[in-house]
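The values are calculated or read from the model by the stated rules, or taken from the named source; none is laboratory data. Keep in mind the model is a prediction, meaning the values are calculated, not measured. Neighbour counts are summed over all protein chains in view; Cβ atoms, including those assigned to glycine, are modelled from backbone coordinates with ideal geometry.
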Amino acid sequence: MRNILVVNGSVSGDASVSRALVEVAVQRLLGINPDASVTHRDLSHGAVPHLTPATVAGVRAVANTDHELSTQALSDELIAELQAADVVVIGAPMHNFSIPSSLRAWFDHVLRRRVTFSYSEAGPKGLLTSKRRHMRSFDPPW
């Protein structure tokens, strides 16, 4: 584990329980591998905009306009972070019985057909094959 990607979806700042849990997880990972690099992607400041009719082709089709090309560039940046990560820690609080829309926007940008997934006869297939799903539970720090 050399690279840790941390994606925080909470808008609650220091009052966020999910941020506190993410920090505990990251510190435990760093305890295992102190030389790991950590990339933080904080979604609370609108860094990943929602897709619109003017931008959707940047991640779903062929980008042509300035808006589409800008969206594609951001999508490429986010995917590069994901591809470089050995471990991904996602802080996903519940807002109105669902994940925050900012986290949904991040997924909209990193889930790109022929880049991070493809369709097969068996359904969608992930293309980031060096990644594996692994969940750990731990006691919160309080």
| Do you know which residues across region 88-114 are out of contact with any strand residue (DSSP E or B) (no Cβ under 9 Å at 6 or more places or on another chain), modelled with pLDDT of 95 or more and among the aliphatic types (A, V, I, L, M)? | A105, V110
| task | Among the residues of region 31-46, count how many are without any contact (Cβ under 8 Å) to a residue 24 or more places away in the chain and either part of a helix (DSSP H, G or I) or under 20 Å from H95 (Cβ atoms) (or both). | result | 2
| note | Scanning region 45-78 residue by residue, those of a type in the set (D, E) and within 19 Å of the chain's Cα centre (by Cα) turn out to be D76, E77
| query | Pick from region 34-88 the residues that are among the β-branched types (V, I, T) and in contact with a His (Cβ under 7 Å, 6 or more places away or on another chain): which of them is nearest to R19 (Cα to Cα)? | reply | V48
| request: Would you please name the residue that is surrounded by the most Cβ atoms within 10 Å (Cβ to Cβ), looking only at residues in region 17-43 that are among the hydroxyl-bearing types (S, T, Y) and within 21 Å of F107 (Cα to Cα)? | output: S18
| Residue list for region 66-102, filter: more than 20 Å from A25 (Cβ to Cβ) and in a loop (DSSP other than H, G, I, E, B) | N96, F97
| query | Looking only at residues in region 11-47 that are small (G, A, S) and touching a strand residue (DSSP E or B) at 6+ places or on another chain (Cβ under 6 Å), which one is nearest to A80 (Cα to Cα)? | reply | S37
| request: Could you tell me whether V22 is of a type in the set (V, I, T), assigned to a helix (DSSP H, G or I) and farther than 28 Å from P124 by Cα? | output: yes
